[in-house]
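Below: one structure, written as structure tokens.
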Amino acid sequence: MADMNRERHRTRETAFYLFTQQSLPACKPVLTPGWVITIFLFMGLIFIPVGLITLRASHSVVEIVDRYDTECVPEAFRIDKISYIQDDSIPKNCSRFMKVHKYMKAPIYIYYQLDNYYQNHRRYVKSRSDKQLLHGQKYHDTSSCQPVELNNGQPIVPCGLIAWSLFNDSFTFIRERAELKVNRKNIAWKSDRDHKFGKNVHPFNFQNGTLIGGGKLNPKVPLSDQEDLIVWMRTSALPSFRKLYGRIKEDLDADDVIVVNLMNNYNTYSFGGKKKLVLSTSSWLGGKNDFLGHACVIIGSSSLILAIVFTLLHLKYRRPYGDTSYLPWSRKSLSG
Amino acid sequence: MAGARRRKQQFSRIHAFSCGKASFKGDHSLIGGPGFSRVIYCNDPECFEASLRNYCDNYVRSTKYTLATFFPKSLFEQFKRAANFYFLICAILAFTPLSPYSAVSNVLPLVVVIGATMGKEAIEDWRRYKQDIEVNNREVKMHQGDGVFEHTKWMDLKVGDIVKVEKDEFFPADLILLSSSYEEAICYVETMNLDGETNLKLKQAPDATSSLNEDSSFQNFKAIIRCEDPNANLYSFVGSLELGNEQHPLSPQQLLLRGSKLRNTDYIYGVVIFTGRDTKVVQNSTEPPSKRSKVEKRMDKIVYFLFAVLVVLSIIGSIFFGIETREDLENGRMTRWYLRPDDTTIYYNPKRAAVAAILQFLTALMLYSYLIPISLYVSIEIVKVLQSIFINQDLHMYYEEADKPARARTSNLNEELGQVDTILSDKTGTLTCNSMEFIKCSIAGTSYGHGITEVERALAWRKGSPMAQEVAEVGDQVKEIKEEKPSVKGFNFVDERIMNGNWLNEPHADVIQKFLRLLAICHTAIPEVDEETGRISYEAESPDEAAFVVAAKELGFEFYERTQTSISLYEFDLSGKKVERSYNLLNILEFSSSRKRMSVILRNEEGKLLLLCKGADSVMFERLAKNGQEFVEKTKEHIEEYADAGLRTLVLAYREIDEEEYVEFNEKFTEAKNVVSADREEMIEEVAEKIERDLILLGATAVEDKLQNGVPECIDKLAQAGIKIWVLTGDKMETAINIGFACSLLRQGMKQVVINSETPENKALEKAGDKTATAVAYKASVLQQISEGKQLLISSNENSEAVALIVDGKSLTYALEDDVKDSFLELAIGCASVICCRSSPKQKALVTRLVKTKTGSTTLAIGDGANDVGMLQEADIGVGISGVEGMQAVMSSDIAIAQFRYLERLLLVHGHWCYRRISSMICYFFYKNIAFGFTLFFYEIYASFSGQAVYNDWFLSLYNVFFTSLPVIALGVFDQDVSSRLCLKFPLLYQEGIQNVLFSWLRILAWVFNGVLSATIIFFFCIQAMKYQAFRKGGEVSDLEVLGATMYTCVVWVVNCQMALSITYFTYIQHLFIWGGIILWYIFLMAYGAMDPDISTTAYEVFIEACAPAGSYWLLTLLVLIASLLPYFAYSAIQIRFFPMYHQMIQWIRSDGQSDDPEYCNMVRQRSIRHTTVGYTARFEAKSKSSKERGEDNR
């Protein structure tokens, strides 16, 4: 026992000694040509297949995009779309036809896409009160919600610009006269529903001001169930973004024509934003985006090219490693 | 007491010291006037009058802060730094709505960083405080009244106290000497700590108090001293002692300064006159200059550069923001209505877009502050402290005999150690141990002594190496001489032919006898007999004199007694019998630097008059009698040999004098001695000159001014590394040249440019007394010599010969004048080695400053004495030798080592490593912050420059502190490009630091570029891959939270792996920190995400719920990682393979396993050696070259 202790003590001592003398055992890799070529080849061989697989996944996704912001404004109003959208007396309903060009397997995700919409503007992002969303009117300090904090001296729930500007176009989908069932539940993150939006918090005094921003909320439904709001409240990172609207649980066949009846309520005309409706399936990587696949293939192939170039250079220009005459200072200062 | 009295007489006889009794004249009339108002009531410090005066206590404080001033003062110090001040402003602004992030997250890192730095300050100050405590609590015997002396702490001393200081104790304050253990009330003082002079100074008490040499005599002692006020002048003092009704003048002769030490005197009594900060040594102490390394200075520039980038980015951002904000209201209609531009604050008011833009500029300044690494300074400080710990811990720099490790006293110069271009070295105590050893002699044309010097040893060692088959002549007896440690200090002579009385059998036994007798007689040393053991030791003026007497003793001629008129020896007569003889000493013709010899005249027992003379060969050979030149040729040959081996030689000769001649001489001599005028010296010289002629040569001695261990090897390595070495010494030119040879700084065949002002013409001018004319002439001659030197330099450059420059102190004075110094420096830089002799401390500092400022290169000064302090403080790095006593140099040095030879490791290993570490660390720091900061900026393009950060607040603020700092610190503390063994094997590696290749602007910009590139790849890959489409199978789209977390993950991966890619040294520490940093990020993300959404806000469950299950998140991370590193990897692969730097070559050699192939290594190393290189390797090269040439000539 004592021996073992001593033994352990000694190893610790030597470890400490090696440490203080800066001579710990170390791995000192040197980038020898062998290693370099191997690494380049390896990266090429990894990334090209991965890129191809990714591309395949992306290509397997079927996506239908329909821009409706202009089309849904009646011809007469196209000159001044803003007054059209702000005029409540004009009916905003509109029908669009979407042709399925390829078989789409359920679930089919419905997104609305806004372009040139700065949900990531600092003023916008900050203008909310997480505590109020969770605790409702009990929570009073909602100064962060400026300028949509109070109305007629009453607090607004949910307060802030984000909620106030809630997207309020709505869509119904009809295939061959039958309405497609759209599941609008579970479109928001579970954590948001459970922990960020209160179960007992009901909209209050919402959109009662002089200036009405976007959609209204049903005061009977608690915030945690207002999934459209929850989705909207997750601010997007970029000025072009999609938000999940719902899911279609039925497969769509190629050449199906889907009639979309929509209410074109939301004002994107003031700032020249676009509105699009997107139907998309998903792969294991999500939606349709070739970027990852292309990037992988490009990285992989450039690695391969580098490997070849390096090999050729290595074979062509041989010289001893330790030839100091190539050092910059051998050429200038020390030669004199 | 009797012994002491006798000894005193001897001293006065020999030295004839002009111990000036102070007299009332001149300055003494000022006493009592302004500036001379101090009154000390001796032995009565508590009396009423004394308490009125309220002089300070004897507590000496060296701390920077006190408890009360620590916080305000150190905070102020911290925020004096531009970067810290900027962060302070940011932190304050963070509490306004301007802030793009929450205040707490921004303040916390600043608090951590400032707190860490202040903690370091506090610890350092605490150490100083402890040192103060140690000094202030030292004890000294103080008079307590009634003649009782008791131990008292230094800090409790008061002005007027009587203290008793004993042998080898330091004086606790400035004292006036009252009496000593000697009858005449003299004492010896060592002032090494004050002025670096090693010789003892003699002080003498006023006659009036000299009888008070017992404790009891102070029972009723009362006196009043009036003197000057405290001032910094060490060499002046004016005062008067009022004893009873009598006034006695006081001068510096009675003043004992704090910091000096009592030597050779049993005890003294003194009265305290200046205490604490009034003492001259404290008054003299100046704030040590704060030194910053070149790397750090350049780093500051980069920080400013980044500031500029920051401001530019902010301006761009705020302009765009202003434009976009203005467009939010078009003709009274809101465009981006969701931002409510109609009901807005000043920050987003479209109507006042310009104001909004300006305020946005401030926001942007805060947001992009991540371009400036907040933790850079504190990380560097931590790293440097750890580096210094490694330096302190290095066992290869630990001097076991004195138990002294290396000590880095300031940690902020570590990397400067890797860039030293010129070393300015003191000689005595630094290169040499300041001990002389009698090692060889040439008697009657025969050379005796097998001892070998360090130089010869070094050359012989070379011979053993495979490159050196051609040299044969040096050190035949290397093998025979097994390191016999000299049993006697100063004696390292081995030759059985004359030891143990064997000289009797040698051919010229009579000459040998005379030779040894001369050694035993011709000196001014005093024997000291240890009463217990009976052993005799000698007190001599200089260590070489002691070496002679010791040598004589060891060879059988033991000098044991000196009286006023006689010298007694035990000696052997020619029959080998030991006899006791006494010589009647008549005159001593003392040594002086102009005479370069000393003689004694004596009468031996037979009544014959003899003159024994020893001196430098340059003066001795011309004084030989025609019949005394029997062995001249041989002796000259030997002397040359000795000198080349770095030995100090003296020629010994004697003559017999007629009675009449002596009488005549003695008359004149006595007359000359009694003359009281300026030319007394000259007259004595003249008289002596006449009698020191027609000498008969006996032989020559060779004394080794013992080099410290390993000095030649060390110098050789440093020279191979391309470091220039200058020797600045206070010694004589001959000595300095000898040491130059000993250290291989000089060698035979090297052209010497000697700039010397001691020419006969100049002397004549000086005699004439016209000072201006003399100065002009001196200057002209110096100028001329410099230009001649330059000519020589040019011609020898063509023949690729090395030139050495040797300057004496006087010439140096003129050479350092403003209009001459440039051309002097030009000459000096062209020379392979430079030796400045007879230089004063101030000149040393001036030379250092000249080199430092004019060439702009890094200088390192190394020295051990207080006379080197100026040089140490002036140089970029001051290295103190802590081997011997005297801490003054160490105290003012930046790094203290015990031996000169440790310099090799300090520079070539630690210096190189530290330089490399710090410079890569800084580059990497900028890289990682630029990579991070630019992603923030790029994001703003997509967020209409509103100042919204893409990352969560805490991600932002913990970036520098948490996820990326540890690997950098590991880099800064542990990285090694090449192991220490190889560093020493390939000294040329050091050039990387001198040429600053690792921290050149190009390299820095390349890293900045790499940072921007990484940021670009990270950002655009992320936003392209995480566009509007769903990013996972469940159809969820990415949002700000997901994109932020993803991009941040990519940044953490990229910067950490970039680190892993750019280092070539992985211990488990590196692995732990680099990979640990990445793992830490995931752990943090999970832990933070699991917290209540109130705290975690946008990071709530973002990893667990959103990112981790998404394949694209992981794939994207991998892709971004590889894509960001690919450019760097390709670049470095090609660079290492086709354009390797020196350290990479060594890495090749190591990885090929060729590092043990001596021939191959030599080939790599060899290219570094220039013809102008010094050191024994170069010497060996030169020698083998010239011998080869000679061989060819012969054919």
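Any read-out appearing in this document is the output of simple, stated calculations on the displayed coordinates, not a laboratory observation. Here the structure is a predicted model, which means the values were calculated and not measured. All Cβ positions, even for glycine, are placed from backbone atoms using ideal geometry, and neighbour counts span all protein chains on display.
What's the FRET efficiency of A:Lys216 with B:Ser857 using the Cβ-Cβ distance as r and R₀ = 60 Å, to the nearest 0.05?
Working: r = 77 Å, r/R0 = 1.28.
Taking R0 as 60 Å, the efficiency between A:Lys216 and B:Ser857 is 0.20.
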- Item | Computed [θ] at 222 nm, deg cm²/dmol, chain B (DSSP H ≥ 4; -39,500 (n - 2.57); rounded to nearest 500) | -14000 deg cm²/dmol
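Just to be sure I understand the rule: take each whole DSSP H helix in chain A, project its Cα atoms onto its long axis, keep it if the span is 18 Å or more and its mean Kyte-Doolittle hydropathy is at least 1.6. Which ones pass?
Numbers: long enough: A:2-20 (27 Å, -1.25); A:33-60 (40 Å, 1.51); A:291-316 (37 Å, 1.80).
Taking the DSSP H segments of chain A (at least 18 Å long, mean hydropathy at least 1.6), we get A:291-316.
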- Helix B:1111-1138 vs. chain B, principal-axis angle (Cα, 0 to 90°, nearest 10): 40
- Query: What's the exposure ranking of A:Arg175, B:Arg1032, going from fewest to most Cβ atoms within 10 Å?
  - Reply: A:Arg175, B:Arg1032
- Note on the structure: Contour minus Cα-Cα span, B:Arg352 to B:Asn231, at 0.36 nm per residue, comes to 37.0 nm
- Query: Going down the table (A:Lys316/B:Lys724; A:Lys131/B:Lys928; B:Lys291/B:Lys404; B:Lys120/B:Lys261; A:Lys92/A:Lys220; B:Lys261/B:Lys404), which pairs top 30 Å between alpha carbons?
  - Reply: A:Lys316/B:Lys724; A:Lys131/B:Lys928; B:Lys120/B:Lys261
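Arranged by the count of other C-beta atoms within 10 angstrom, fewest first, what order do A:Lys274, B:Lys203 take? It would help to have the intermediate numbers written out before the result.
Numbers: A:Lys274 15, B:Lys203 26.
Going from sparsest to densest Cβ surroundings: A:Lys274, B:Lys203.
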- Hits among lysines - C-alpha to C-alpha of B:Lys578 under 27 Å, sequence gap 8 or more where chains match: B:Lys440, B:Lys489, B:Lys514, B:Lys553, B:Lys608, B:Lys614
- lysines within cross-link reach of B:Lys779: Cα-Cα under 22 Å, excluding same-chain residues under 8 positions apart? B:Lys732, B:Lys763, B:Lys767, B:Lys771, B:Lys790, B:Lys810, B:Lys821, B:Lys842, B:Lys844, B:Lys854
- Query: Of B:Met620, A:Gly160, B:Leu971, whose Cα points farthest to the positive end of the dipole of the protein assembly as shown (charges on the beta-carbon: +1 Lys, Arg; -1 Asp, Glu; origin at the Cα centre)?
  - Reply: A:Gly160
- Item | Gyration tensor verdict on region B:383-429 (Cα atoms; rounded if a/c is under 1.5, prolate if a/b is larger than b/c, oblate otherwise) | oblate
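Using r as the Cβ-Cβ distance of A:Ser301 and A:Phe97, and R0 as 30 Å, what FRET efficiency do you calculate, to the nearest 0.05? Intermediate results must be reported in sequence, preceding the final value.
Numbers: r = 42 Å, r/R0 = 1.39.
E between A:Ser301 and A:Phe97, to the nearest 0.05, is 0.10.
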- Message: Could you order the peptides B:370-377, B:1098-1105, B:71-78 from most to least packed, using the average number of other C-beta atoms within 10 Å per residue?
- Response: B:370-377, B:1098-1105, B:71-78
- Item | Among B:606-617, A:90-101, the order from most to least packed when residues are scored by Cβ within 10 Å on average | B:606-617, A:90-101
- Message: Just want the answer: with Cβ charges of +1 for Lys and Arg and -1 for Asp and Glu, which residue in B:Leu698, B:Cys1057, B:Thr935 is farthest toward the dipole's positive end in the protein assembly as shown?
- Response: B:Thr935
- Of the candidates B:Pro100, B:Val238, A:Thr14, the farthest towards the positive dipole end of the protein assembly as shown (Lys/Arg Cβ +1, Asp/Glu Cβ -1, centred on the Cα centre) is B:Pro100
- Determine the shielding of peptide B:1042-1052 by partner chains: average, over its residues, the number of Cβ atoms on other chains within 10 angstrom of each Cβ. 1
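Placing +1 at every Lys and Arg Cβ and -1 at every Asp and Glu Cβ, with all other atoms neutral, what dipole size does chain B have around its Cα centre, in debye to the nearest 20? The partial results should precede the final answer.
Values: 125 positive and 152 negative charges, 668 e Å.
Computed about the Cα centre, the dipole is about 3200 debye.
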- Message: Taking beta carbons within 10 Å but only from partner chains, what does the mean come to for residues B:48-56?
- Response: 0
- Query: Taking only Cα atoms, what is the 0 to 90° angle, nearest 10, from helix B:103-136's long axis to the longest principal axis of chain B?
  - Reply: 10
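Report the Stokes-Einstein translational diffusion coefficient (µm² s⁻¹, integer) for chain A, Rh taken as the Kirkwood radius over Cα pairs, at 10 °C with viscosity 1.306 mPa s. Walk me through the numbers on the way to the answer.
Values: Rh = 25.6 Å.
Using the Kirkwood radius from Cα pairs, D works out to 62 µm²/s.
What ranking of B:Ser599, B:Ser575 emerges when the number of other C-beta atoms within 10 Å of each C-beta is taken as an exposure proxy, fewest first? Kindly include the intermediate steps, with their values, before the conclusion.
Working: B:Ser599 25, B:Ser575 7.
Going from least to most buried by this count: B:Ser575, B:Ser599.
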- Task: Just grab the label-to-label distance for B:Arg292 and A:Lys185, each label 7 Å out from Cα along the Cβ direction, in nm (one decimal).
- Result: 6.7
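How many Cβ atoms of partner chains, on average, are near each residue of B:337-347 if near means within 10 Å of its Cβ?
Working: counts 11, 20, 10, 11, 2, 2, 5, 3, 3, 0, 2.
Neighbouring Cβ atoms belonging to other protein chains average 6 per residue here.
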- Item | region B:156-265, relative contact order in percent, only Cα pairs under 8 angstrom and at least six apart counted | 39
- Item | Eligible lysines near B:Lys351 by straight Cα distance, threshold 25 Å, same-chain separation 8 or greater | A:Lys81, A:Lys126
- Task: Could you tell me which GluC sites (Glu not before Pro) in region B:195-264 are loop residues by DSSP with no more than 12 other beta carbons within 10 angstrom of their beta carbon?
- Result: B:Glu214
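With both partners inside chain B, how many of the DSSP beta bridges are antiparallel, as a percent to the nearest 5? Mind showing how you got there, number by number?
Numbers: 102 of 132 bridges.
Roughly 75 percent of the DSSP beta bridges within chain B come out antiparallel.
Over region A:169-225, what is the relative contact order in percent, taking alpha-carbon pairs closer than 8 angstrom and at least six residues apart? Before the final figure, lay out each step's value.
Numbers: 45 pairs, mean separation 18.3, N = 57.
Once normalised by length, the contact order is 32 percent.
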- Relative to the present Cα-Cα distance, how much length would full extension add between A:His140 and A:Phe16 at 0.36 nm per residue of separation? 38.8 nm
- So between B:Thr563 and B:Asp530, what do we pick up on full extension, going 0.36 nm a residue minus the alpha carbon distance? 10.1 nm
- Task: Please give the helix B:2-15 orientation as an angle from the longest Cα principal axis of chain B, in degrees from 0 to 90, rounded to the nearest 10.
- Result: 90
